[in-house]
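Following: one structure in structure tokens, then a few remarks.
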Amino acid sequence: MSLLLDGLAASSGITIAPARLLVGSDLSIKKQHTADENHEVARLHDSFALSRTELQVLSQQAHHRLGQRAVTIIDTQIAILDDPTLQEKIIDRINSHHDTAEWAVKKIEDYYLNIFEHKNDNDYLYARATALRDVTKRILSHLLNVPLPDPALLDHRAIFVADNITPTDTAQFNKRYVAGIVTTNGGRTSHFTIMSKTLALPAVVGVKNATTLIHDGDMLIVDGIHGKVIVDPTNDEIEHYRLLAGKFAQEQQKWGALKDKQTVSADGRRFEVAANVGTFADIIDAQEDGAEGIGLLRTEFLYMNREELPDEEQQFTAYKRFVAAMNQQHVVARTLDIGGDKKLGMVKLPREANPYLGFRAIRIGLARPEILRPQLRALLRSSVYGRLAIMFPMIATIEEFKQARAILDEEKDKLEKEGYQIAKNIEVGMMLEIPAVAVMAEHFAKYVDFFSIGSNDLVQYMFAVDRGNQEVAYLYQELHPAVLRMVRRVIEAAHAEGKWVGMCGEMASNPIAVPLLMAMGLDEFSMNSSQILRIRSLINQLSTRKLQPLVHRAINAETAANVRKLVEEYVPEVKI
């Protein structure tokens, strides 16, 4: 009997092959002290040097196998090794606490992970944690004299199953043998997606207990389209997925033809399908994947791995690069969104019993304008290099938006008096993540230029559910009729004021939700770039007029399961 496991689709495609477990080496360490700090420091220097040599070799391999974007990922790890601050902190730990080198490495790793690790879906922060873990794992392997697992030893076609697949693991893959990837941990991170997409490997991540439920040699079906893994499939399941794989390959050929065309529904309605990005490498992905703009520029990338806040000039240089690269396509930049699960070392935040409902995002910006004002000045200065929009996250009241907008206008006036040119057509909007705002949308719509619905947080707050908590994950239901009613209310309120509405949460790339969002009139869909062409193809096939009866039935349904069934019956195209 087959076993079905659910996860997240990280790289599209379908593959059928036996499993090969990629089990990590035992790098566990215990707290230990030393009486010879100089010896430990020397051991540390040796481990850094050996790690750097290995990464340089892997960078060369990545160049030949994966291309320049993969090289950039490996080189990021080399840069972490070369960062004097990292070594200095570890050495200081050895000298001040008399720690062994390996224990000091572990404690400093914990320190950095606490700064920028997260539980939610911020791909950039997750990627930074992944890179740091990969580097420290390599350092520890030399300190402990324990070899790391070598993916290059695979000598037959198989699907790698692991707790984590790191960028350096992927750089060692032999495309001739690696058929796909399944991991227990992880999200749709930019690093993982770049590597697996470049190799065209179907990948499903976040598969709970994959390394215990799957054994070496088990036959697997990896469905990287829908995020499913089937263990020991039946002959009928194998045949079904072989047919589906062929159909998917045909669809991919069609999708490629859409890159240089507009996204227009079958009845002539124009939509914009944009990308969520957090690094400049994501911009390259977005352009290659047919993005029609940037619906969410996460500006947090500028603040990571720093001892102090970036100044106005540093921010301006970065934003200018993003805006100019998109060639007059929309770039919607979100102001700094920290707090909750996202911490920065240089911004001291209070300890809170419930940080998700606490001091975060625009609440920090308004309370600490010394953080918000330089960012707004840098964004305003970059506006003349393309088509920029600015949005404020986590707005809860009209007063908050007015206050943020007033600060923006003040800085704009100052810059113009200082002789800077500022674009005349900058749109200023807000993330809509809080149910109270949706209820009052017709009032907010008078003041904003646009709404960008952050569906992840909106659903989380609507159902009082921590979407990172597996015990209550079943309550996170983006297809629930209550969510659909709220989204429709927001769109209608905005359109009544002549304003546009986008969505930048995972719901925007859910093929089941897309027909409903189209029919409701959502103007912009923003998502991980790997999903863009699929969603553009789906939109092109559907008529918004013909979908109106479906919307009526969906918002009057009782459950999310009812909605899914309705859409699948009404719109068979969503099953691809």
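Laboratory data are not the source of any read-out in this text; all were calculated from the coordinates shown. Bear in mind that the values here come from a model prediction, so they are computed numbers and not experimental data. Counting neighbours? That spans all protein chains shown, and the Cβs are built from the backbone with ideal geometry, glycine included.
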Per-residue ³J(HN,Hα) for region 203-213, Karplus 6.51 cos²θ - 1.76 cosθ + 1.60, θ = phi - 60°, Hz, x for Gly and Pro
9, 10, 10, x, 8, 4, 6, 4, 6, 9, 8
Note, ³J(HN,Hα) from phi for region 430-442, Karplus 6.51, -1.76, 1.60, rounded to Hz, x at Gly and Pro
8, 6, 10, 10, 10, x, 4, 5, 4, 5, 9, 4, 5
Using the Cα centre of the chain as the reference point, and only Cβ charges (+1 on K/R, -1 on D/E), how large is the resulting charge dipole? Debye, rounded to the nearest 20.
1160
Under 14 Å from the I398 label point (7 Å along Cα→beta-carbon), backbone N, region 422-460
437-448
Quick one: what are the phi-derived ³J(HN,Hα) couplings along region 169-176, Karplus 6.51/-1.76/1.60 with θ = phi - 60°, whole Hz, x for glycine and proline?
4, 5, 5, 9, 5, 9, 4, 5
Whole Å is fine, so just give me how far the alpha carbon centre of region 268-291 lies from that of region 381-409.
22
Residues meeting the amide H criterion for L21 (H placed from the backbone, H to H distance under 5 Å, 5 or more places apart or on another chain) are V161, D216, G217
Per the helix-only model, the chain has a calculated mean residue ellipticity at 222 nm (DSSP H runs of ≥4, -39500 (n - 2.57) each, divided over all residues, rounded to the nearest 500) of -14500 deg cm²/dmol
Cut-off is 10 Å between beta-carbons; in what order do L376, L50 appear when sorted fewest neighbours first?
L50, L376
Please report S452, S96 as a ranked list, fewest other C-beta atoms within 10 angstrom at the top and most at the bottom.
S96, S452
Where a ≥ b ≥ c are the square roots of the eigenvalues of the C-alpha gyration tensor, would you call region 433-576 rounded, which needs a/c under 1.5, or, failing that, prolate if a/b is larger than b/c, or oblate?
rounded
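Please tell me the relative contact order of the chain in percent, rounded to the nearest whole number, where contacts are Cα pairs under 8 Å and at least six residues apart.
15
For the chain, what is the convex hull volume of its Cα atoms per residue in Å³?
Cα convex hull per residue, to the nearest whole number: 157 Å³.
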So, in nm, how far is label L4 from label L243 when the simple model puts each one 7 Å beyond its Cα toward the Cβ?
1.7
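Set the bar at 29 Å for Cα to Cα. Now go through K30/K228; K414/K446; K254/K499 and name every pair that lies beyond it.
Those over the limit are K30/K228; K254/K499.
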